[in-house]
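See structure below.
The values are calculated or read from the model by the stated rules, or taken from the named source; none is laboratory data. What you are looking at is a predicted structure, and each value in this text was computed from that prediction instead of being measured. We place every Cβ from the backbone using ideal geometry, glycine too, and count neighbours over all the protein chains shown. These accessible areas exclude ligands, DNA and RNA; they are computed on the full protein's heavy atoms, side chains included. Shrake-Rupley method; radii C 1.70, N 1.55, O 1.52, S 1.80 Å.
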Amino acid sequence: MQIAFDNSYARLPERFFRPLAPTPVRAPALIKVNADLAAELGLDADWLESPEGVAMLAGNHVPQGAAPLAQAYAGHQFGGWVPQLGDGRAVLLGEVIGTDGTRRDIQLKGSGPTPFSRRGDGRAWLGPVLREYVVSEAMHALGIPTTRALAAVATGEEVHRERVRPGAVLTRVARSHIRVGTFQYFAARGDEKALRTLTDHVIARHYPEAETPLDLLSAVVAAQARLIARWMGVGFIHGVMNTDNMSVAGETIDYGPCAFMDAYHPDMVFSSIDQFGRYAFRKQPEIAVWNLAQFATALLPIMGLAHKEAVEVATRVIEGFADLFATAWEEVYAAKLGLSRMGEPEASLAYDLLLRMAKGQADFTRVFRALSGADPTTARTEFSDPALLDDWLPRWRARVGQNGPESARIARMQAANPAFIARNHRVEEAIAAAVDGDYAPFERLVRVLAHPFDDQPEARDLALAPRPEEVVRQTFCGT
Ligand code: AMP
Ligand code: MG
């Protein structure tokens, strides 16, 4: 099959990347192809599943028209500046324009060492590959902007981590892989020409209505405000919001130690390496602001203004995040609570519910789904002390009651409150089974999470909160 690549990033100057083919693997074996996504990209899923397709997905065959490369970028990791990161275990094969007209990257992750690998082996093991597949596709089904998973293949090779693990490659699809850290890479080198070129590229690709670097900053700030509000609406904790893991296209990217919360707590942290809770659930909006301030800083030299003036205008744009985020958050929580408006009383109702949920260790997803049902009082059973909800429920009832018939409320709320999220214990269970050669739990999880707002009675077990012994307390980058 001929893939109609059109590689705009590869046409940028050579210092943006290193041309490099993926490193072939010993024994490629298909795990899964995402047929729906393949169709959106105009790719033939049957071909992707053929030996030649699998060879491409494993990095053993570079298709005609591809221009494989590793992208250069820098970034702040946990607040510490790293002037050179780059794709250390990923290769961009090229870009395709989908049936919807959208240009998207096709990238192999776990494809072998690159000039940016530092001490890493350039590989991925099966666990993080399946995890990213499940969680990124779950996010997509929830309607949240995200990179996608086109395929997963096993390599037939061993990967050495704390233990010896089976190797795998994920094919990641993104509107682009350009990060805040890509801009920082050139800013740190004083390369204004590259900053201008990158700005033009990103504007043309993602924000055609923008004209200036300041417009671009505004557009990215708005996209990130909306994105983080969506995360906050499903209990998603990204876990490594480093500037190299923040996409300028406004997609969720880099599914390392991310997790959906079971029991709600605003301070929740899962990542084993986030000792001080820098990326805790409730801190995600302020960390986004911190990252966007780094983005603004990288753009200052090309704003065409005196430094002081550039700082002033950029600061105003960054400060705008707070209102944009508040508006997006209110929209998300109005929908979750079945309210047609989110004035002050409604917002305090929402905050009050979250406070009670934290106190009552209530399951985030299950509470909102229960409130979306015919008998919202069933939400009480999610609280360690059901009475915690007793004086909240009638207050909410009074507000929601002003808002049309009951059946409409239920339909509206069920479309905003998923029954199914990618629960940690289920993801880990699927990975453990896959390591033992049984992909059925992985397949089932992917299938159910593709329709998170449908009840799917046959999958009721996947909607349950973990039993105490099943609770996952830590997640790992798994690199
Ligand atoms: P991440 O934590 O996935 O955002 O990765 C941070 C940086 O480390 C990026 O530059 C990655 O490409 C690089 N990296 C992560 N894992 C590996 C690995 N196994 N081999 C080489 N580079 C890696
Ligand atoms: Mg990363």
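Observations, loosely collected:
- Some residue of the range 380-394 being surrounded by 16 or more Cβ atoms within 10 Å (Cβ to Cβ) and in contact with a Gly (Cβ under 6 Å, 6 or more places away or on another chain): yes
- Test result for G127, away from ligand 2 (no atom under 16 Å from the Cβ), at pLDDT 95 or above and on the phi > 0 side of the Ramachandran plot: no
- Selection status of E158, acidic (D, E), surrounded by fewer than 22 Cβ atoms within 10 Å (Cβ to Cβ) and part of a strand (DSSP E or B): yes
- Residue that is nearest to ligand 1 (Cβ to nearest atom) [pool: residues in the range 235-252 that are β-branched (V, I, T) and surrounded by 23 or more Cβ atoms within 10 Å (Cβ to Cβ)]: T243
- Apart from one condition, R11 fits all of (1) over 24 Å from the mean Cα position of the chain (by Cα); (2) in contact (Cβ under 8 Å) with a residue 60 or more places away in the chain; the exception is (2).
- The residues listed here are H61, H140, H76; of these, the one that is free of Cβ contacts under 8 Å to residues at least 24 places away in the same chain and not in a loop (DSSP other than H, G, I, E, B) is H140.
- So A58, is it within 13 Å of ligand 1 (Cβ to nearest atom) and closer than 26 Å to E40 by Cβ: no
- Checking each residue in the range 87-122 for being in contact with a helix residue (DSSP H, G or I) (Cβ under 8 Å, 6 or more places away or on another chain), open to solvent by 10 Å² or more (accessible area, probe 1.4 Å) and closer than 30 Å to Q275 by Cβ picks out only K109.
- The single residue among A27, A66, A72 that is surrounded by fewer than 14 Cβ atoms within 10 Å (Cβ to Cβ) and at pLDDT 95 or above turns out to be A27.
- Helices (runs of 4 or more DSSP H) fully within the range 170-265 counting 3 or more residues that are within 16 Å of ligand 2 (Cβ to nearest atom): 180-188
- A219 being surrounded by fewer than 24 Cβ atoms within 10 Å (Cβ to Cβ), over 29 Å from L337 (Cβ atoms) and either under 22 Å from the mean Cα position of the chain (by Cα) or of a type in the set (K, R) (or both): yes
- Residue check, L37 under 24 Å from T146 (Cβ atoms), modelled with pLDDT of 95 or more and part of a loop (DSSP other than H, G, I, E, B): no
- Enumeration of residues in the range 44-90 that are within 15 Å of ligand 2 (Cβ to nearest atom) and farther than 24 Å from D244 by Cβ: none
- Of all the criteria given as (1) closer than 30 Å to G122 by Cβ; (2) of a type in the set (S, T, N, Q); (3) free of Cβ contacts under 8 Å to residues at least 40 places away in the same chain, the one not satisfied by Q456 is (1).
- Pick from the range 161-177, criterion more than 14 Å from ligand 1 (Cβ to nearest atom) and touching a residue at least 12 places away in the same chain (Cβ under 8 Å), ranking: nearest to A432 (Cα to Cα): P166
- Summed over the range 351-373, residues that are of a type in the set (S, T, N, Q), open to solvent by less than 20 Å² (accessible area, probe 1.4 Å) and within 15 Å of M261 (Cβ to Cβ) total 1.
- Filtered by the rule that a residue be within 16 Å of ligand 2 (Cβ to nearest atom) and more than 30 Å from I203 (Cβ to Cβ), the range 91-112 gives a lone residue, G110.
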